[in-house]
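Every number here is computed from the coordinates shown, using simple stated rules; none is lab data. As the structure is a prediction and not an experimental result, all values here were calculated from the model. As a convention, Cβ positions derive from the backbone with ideal geometry for all residues, glycine included, and neighbour counts pool all protein chains shown.
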Amino acid sequence: MKLTKQNLINTFKAAREEEASFVFVGIEAEGIKEAIAVPTISFDAKEQFYMNAYSDELVHVMNSKVRIFGLSFGGATAIHDII
């Protein structure tokens, strides 16, 4: 299943509702994968950043070789959902 902006919105919304410590965003850039941990205090700013910087298919608007491939939220161990 391909991820979309709606998945991104739903992930941040669920993280807020469940008072999760982190949202984890898996990013692939030119074949290199990484996971970004977004702490609660940064949810609003980072969600807005991703909404502006990525297309509806979660491909970076300025570099088509960069995409979001995974989303998760929870405590620190939830990072294993995307890596």
Test: Ala76 is under 13 Å from the mean Cα position of the chain (by Cα), more than 18 Å from Leu3 (Cβ to Cβ) and loosely packed, with under 11 Cβ neighbours inside 10 Å: no
Restricting the stretch 1-44 to residues that are surrounded by 14 or more Cβ atoms within 10 Å (Cβ to Cβ) and charged (D, E, K, R), which is nearest to Ile82 (Cα to Cα)? Glu28
Just give me the residues in the stretch 34-72 being within 21 Å of Phe22 (Cβ to Cβ), of a type in the set (Asp, Glu) and outside any strand (DSSP E or B), in sequence order. Asp44, Glu47
Condition first: crowded, with 18+ Cβ neighbours inside 10 Å and either among the basic types (Lys, Arg) or within 14 Å of Ala15 (Cβ to Cβ) (or both). Now tell me which residues in the stretch 45-69 satisfy that. Glu47, Tyr50, Arg67
Has the stretch 55-65 got any residue that is among the hydrophobic types (A, V, I, L, M, F, W, C), in contact (Cβ under 8 Å) with a residue 40 or more places away in the chain and either out of contact with any Lys or Arg (no Cβ under 7 Å at 6 or more places or on another chain) or on the phi < 0 side of the Ramachandran plot (or both)? no
Given the conditions (1) in contact with a helix residue (DSSP H, G or I) (Cβ under 8 Å, 6 or more places away or on another chain); (2) at negative phi, and given that Thr77 satisfies all but one, which numbered condition is not satisfied? (1)
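Can you tell me which residues in the stretch 1-41 are among the hydroxyl-bearing types (Ser, Thr, Tyr) and in contact (Cβ under 8 Å) with a residue 40 or more places away in the chain? Walk me through how you get there before you give the answer.
At the first step, the residues of the stretch 1-41 found to be among the hydroxyl-bearing types (Ser, Thr, Tyr) are 4, 11, 21, 40.
Hits for the stretch 1-41 are Thr4, Thr11, Ser21.
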